[in-house]
1. Going by the structure shown, is Glu21 within 22 Å of Asp81 (Cβ to Cβ), at pLDDT 80 or above, exposed (fewer than 11 other Cβ atoms within 10 Å of the Cβ) and among the acidic types (Asp, Glu)?
2. Determine the pairs where a residue that is among the aliphatic types (A, V, I, L, M), located within the range 44-60, has a partner that is modelled with pLDDT under 90 and assigned to a helix (DSSP H, G or I) with Cβ atoms under 6 Å apart, the partner being 6 or more residues away or on another chain.
3. Of the residues in the range 34-85, how many are among the small types (Gly, Ala, Ser) and buried (at least 17 other Cβ atoms within 10 Å of the Cβ)?
4. (1) closer than 17 Å to Arg62 by Cα; (2) without any contact (Cβ under 8 Å) to a residue 40 or more places away in the chain: which one isn't true of Pro33, the others all being true?
5. Do any helices (runs of 4 or more DSSP H) lying entirely in the range 26-115 carry at least 2 residues that are touching a strand residue (DSSP E or B) at 6+ places or on another chain (Cβ under 7 Å) and modelled with pLDDT under 90, and which ones are they?
Amino acid sequence: MFIIRRAQMEKFSEAAVSRFEGKLMIHLRTLFPRVCSRLGEQGVRDVIQHGIRRAAEYGIVRERDVSRYIGVMFMFGPEFDRKTKDFFHDVLRDPVLGAGARSNALCKAALSRLRGRTLQMRRKPLW
């Protein structure tokens with residue numbers, strides 16, 4: 001019989017998270033090259049880890065859904081989910097939505113917000 005000990009499971013989990021971070025870093029560098037350049041490799045990794053923790057607070061834990069959450073974070077800033085009276089706030093805290101539906105609704109909300117924006121120069125960058 002094959003038995004996996006807790007320490008082994010933790011190592012498997014660490015390796016999976018590390019692989020996910022690596023894949024996501026490549027993806028983020030492609031989509032957000034200036035932000036990633038400004039943050040540097042360790043900074044991007046820190047943001048990814050922060051995003052993983054924040055997404056989990058909303059029950060978002062699948063890789064695809066976490067990737068979406070972090071993508072929205074890169075578009076709207078690291079604290080986008082903490083703004084009250086914002087439609088992101090409502091979507092993320094909707095008790096009816098499951099994690100996958102919450103991720104889909106979050107992406108739709110982000111696209112809607114981007115479409116509604118006019119091009120403006122920001123005085124202060126998000127990152």
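1. On the way: within 22 Å of Asp81 (Cβ to Cβ): yes; at pLDDT 80 or above: yes; exposed (fewer than 11 other Cβ atoms within 10 Å of the Cβ): no; among the acidic types (Asp, Glu): yes.
Criteria not met by Glu21.
2. Ile60/Ala99; Ile60/Ser103
3. Residues of the range 34-85 that are among the small types (Gly, Ala, Ser), as a first pass: 37, 40, 43, 51, 55-56, 59, 67, 71, 77.
Those still in the list that are buried (at least 17 other Cβ atoms within 10 Å of the Cβ) too: 51, 55, 67, 71.
The qualifying residues number 4.
4. Pro33 satisfies all of (1) closer than 17 Å to Arg62 by Cα; (2) without any contact (Cβ under 8 Å) to a residue 40 or more places away in the chain except (1).
5. Details: elements: 33-57, 63-76, 87-92.
Output list is empty.
The values are calculated or read from the model by the stated rules, or taken from the named source; none is laboratory data. What you are looking at is a predicted structure, and each value in this text was computed from that prediction instead of being measured. Positions of Cβ are generated from backbone atoms using ideal geometry, with glycine treated the same way; all protein chains shown enter the neighbour counts.
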